[in-house]
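Only one structure is covered here, and it is reproduced in the block below.
The values are calculated or read from the model by the stated rules, or taken from the named source; none is laboratory data. Model, not experiment: these values are computed from the prediction. We place every Cβ from the backbone using ideal geometry, glycine too, and count neighbours over all the protein chains shown. When the accessible area is computed, the model is the full protein with side chains, heavy atoms only, and any ligands, DNA or RNA have been set aside. Shrake-Rupley method; radii C 1.70, N 1.55, O 1.52, S 1.80 Å.
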Amino acid sequence: MKHIYLVFTLLSANFTVKSQKKNQQIVFKDTVQQLSEVVITASRTPENVLKSPISIALLDNRSIQNSAAPSFYDALENIKGIQLLTPSLGFKVYNTRGFANPTNVRFVQLVDGVDNQAPHIGSPIAGALAPTDLDVDKVEILHGAASALYGMNALNGLVNIFTKSPFDYHGLSFQQKMGANHFNDNNASVHVFSESNIRWAKAWNNVFATKINFEYLTGYDWIADNNTDLNPNGNASLNLFGNNNPAYDGINSYGNESPNRQNLTLDGKRYSIARTGYLEKDIADFSLKNIKGDIAFFVRPKKNWEVSYIYRFGILDNLYQRTNRFRLNNYRIDQHSISLKSPSIQIKAYLTHENTGDSYNIRSMAENIDRSFKSDNKWFSDFSTQFNANTKAGMSVIEALQTARNEADEGRPQPHTVEFDALSKKLEGINNWDIGAALRVQSWLYHAEAQADITQEWLKRLREKWGLSILVGIDFRTYEVFPDGNYFINPVEADKNLTYSKTGGFMQLTKLLFDGKLKFNGSIRADKNQYFDLRWNPRLSMVYSPNEDHNIRISYQNAYRFPSLFEAFTNINSGGVKRVGGLPIMSNGIFENSYFKTSTDAFQTAITNDVNKNGLITSQAVIKNKGLLKKNDYTYIQPESVNSIELGYKGLFFDKHLYLDVDFYYNQYQNFIAQVETNLPLIKSVNPDSIAFAFNDRTKNERYRLWTNSKTTVFNYGTSIGLRYKIYKDFIISSNASYAQLDRKTENDGLEESFNTPRWIVNVSVSNRKITERLGFNLNVKWQEAFLWQSSLATGNVPAYSTLDAQITYALPIQNMTFKWGGTNLLNQYYYNFLAGPSVGGFYYLTVGISL
């Protein structure tokens, strides 16, 4: 009997083997790494993963099925070098190499090479446009800068999700996932999770093909309930701390932040008093419902040519976080794409439309429920009157403060009542954050690109004789946003949409030397945005492969990003703070005339201390401390950039039973796009005394948050190592560790993007996909070190945590049916992986899959 040996990686895709010959026995031989594994994303052309010029990780379909994670999106968390943020059960955010953010505009997500970002924020809405689990073929993850080939935003990394071709994977597949969460949760009872997936694909004569995917997901979201006080020293001069602090600002309570506080002189002392506010868990809707799907048509007009049209959509009801926490309701994103692929040419064009539906800002909801009940002026007046009456009646200060709050809050809407729910519903529909909470944004992204391997056919002799490959590409992108009057305005033509465009192109040369043992790769990219000068981005790399099993690489590259639509054009009034885009057409005159909020805060604190401790009257304290006021010296926004050097090695040992992947990088970031907080006096005077008195009176100055660039140059470095070892039969032990560290800063102006990254993240797993003919398992342990989280919403320490994930799979011969029992965070130890994010507990699930 003739044997056919097919070598598959233990991390490989589902496959279908067809043979027309009889009496052939097919034998599958497992190794820890398939030598012929091919990746595309690193150089935009197919190449052996071991010989990739930059750090890249590969996750394919069978490794997803074999992971302890419930979905491919969750499985990415355990890849070497990946940091996960969880704003919601239905919303995960990934990052590599530092400077994490729940709205990660420095990390790009592609599906079959098509950008998945939501246009108005410049980053993906998690998996809203990602394929369903049934349609994922493989995922390629680039660690670090990738702008030289992929353009704007690819500073920290890129993920490219490849879907299954209906020519290769056809038939009907169904997957049902049932789960449960919120065990032993003080804020919720146990809730059921359900996710249903279906995929159908059909091909005719290898010429025409189509596929349809659909997913419906429901559940109950994780709850953010961190009550740590962000303003613990608000009344330190009066020795009022903890529960006695009348300026309390809990992380997940809203309506009691800085814009909701006033300095009141009560009984001869100066107090900082905040309105009461509401907890997020009392305002937000935690029900979860996500729907997504796609339909695609393919034509192969001749050999190795393919034309396709794909429509994708996503509809979301879940929580989301950027500078505030948001509830997404009926949020919808649609994408149409067409593409042409041939051996030497690729052309793509796509349109993305985003509509935020009935979404709302949780913070604005809280403060405007309070203000709908009673205006700030009325509330603080009532508080002052009651406090003074209480102290005259002989109450202690602490009792007087609490009684004054209770009296000022008398009649305040209470959560989970008919009155409260009706008011919330009303505010959800008011698109003005000074009086309402609605998020009403419509935006569009138009993109076209083409690339050609001119040495594949036209200049073939260069490839054949000199080992030289030349790849060239061009692209054009335009963003468009509707000026809703709250989030965005058009300051030039109020009734016309805002547009924001860029054009770019690249050239890449690859040269093989020394009988193919040394591969040199160089690329250069240029991009022009209508508001900024031409940007150049180079990349140089070399890969040395003394043999097929060992590969050493070194690379240098520059990456950049233009400001996103939000950073360039935003114009929001939110709780007494105006957030304004950094382009001159949006913020002209504000930069030049405003003062740093840090200096106005220090000024007001000094006044409070002088009144409370030194016996000065307010006017004397104002004159004494006016020198603390510092004028803003930042200016209009510019692109940010990073220069990165990387060393790496990939190799196989012990008859290919051990796979080793190591990398080291060093980065230099410049012009971090950030926000500077300022106060603008509302008086037409240059007299320092007049300006000082204006900053002591909240009604005579306005607070701004302006998009600009940090003056700090930031250096960071890190390393990661990944191991996979076949220890016995089909038992595999895998481990990876990532280390990330800030090196140094210049200037240190405090505006630079916060590092927000643990030094150490470690994963260890043991697996055997075939203990018996039908039984397999995977066990994964993760540990993450504590780290400092800094953002405009909350700053503080994120504790270290560890999780245990596990799954057991069982396959039935009936209709290719598979069962997967599993759980993440099996020990149900609640944790959060960034401040203001939710507490994540155990999630336990059963997945049943059927293929026909």
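Points worth noting:
- Cα-derived Rg over Rh, computed across the stretch 630-774 with Rh taken as Kirkwood radius: 1.29
- Note on the chain: helix-only mean residue ellipticity at 222 nm, from DSSP H runs of 4+ residues weighted -39500 (n - 2.57) and normalised by residue number, equals -4000 deg cm²/dmol.
- The stretch 785-813-the stretch 301-380 distance, computed between alpha-carbon centres (Å): 25
- Reference-scaled alpha-carbon Rg (2.2 N^0.38 Å with N residues) for the stretch 189-238: 2.62
- Between the helical axis of 418-428 and the longest alpha-carbon principal axis of the chain there is an angle of about 70 degrees.
- Inverse of mean 1/r across different Cα pairs in the stretch 652-697, Kirkwood, Å: 16.9
- Net charge of Cβ neighbours under 15 Å - reference residue 844; Lys, Arg +1; Asp, Glu -1: -2
- Neighbour net charge for residue 150 - beta-carbon separation under 15 angstrom, K R +1, D E -1: +3
- Each Lys or Arg adds one and each Asp or Glu takes one away; over the other residues whose Cβ falls under 10 Å from the Cβ of residue 291, this sums to +1.
- The calculated FRET efficiency for the pair residue 425 and residue 749, based on their C-beta separation and a Förster distance of 41 Å, comes to about 0.40.
- Taking the C-alpha atoms of the stretch 578-665, convex hull volume expressed per residue in Å³: 234
- Based on the Kirkwood approach, the hydrodynamic radius assigned to the chain is 29.0 Å, with every pair of different Cα atoms included.
- Heavy-atom accessible surface of the chain, averaged per residue, reaches 40 Å², computed with a 1.4 Å probe.
- Over all pairs of different C-alpha atoms, the stretch 728-792 has a mean inverse distance whose reciprocal, the Kirkwood radius, equals 15.1 Å.
- The chain - percent of accessible surface contributed by carbon and sulfur, probe 1.4 Å: 56
- Counting only alpha carbon atoms, the long axis of helix 376-392 and the longest principal axis of the chain meet at about 50°.
- Entry note, the chain: relative contact order of 12 percent, from Cα contacts under 8 Å with a spacing of 6+ residues.
- GluC sites (Glu not before Pro) lying in DSSP loop within the stretch 745-852, provided at most 13 other Cβ fall within 10 Å: 747, 773
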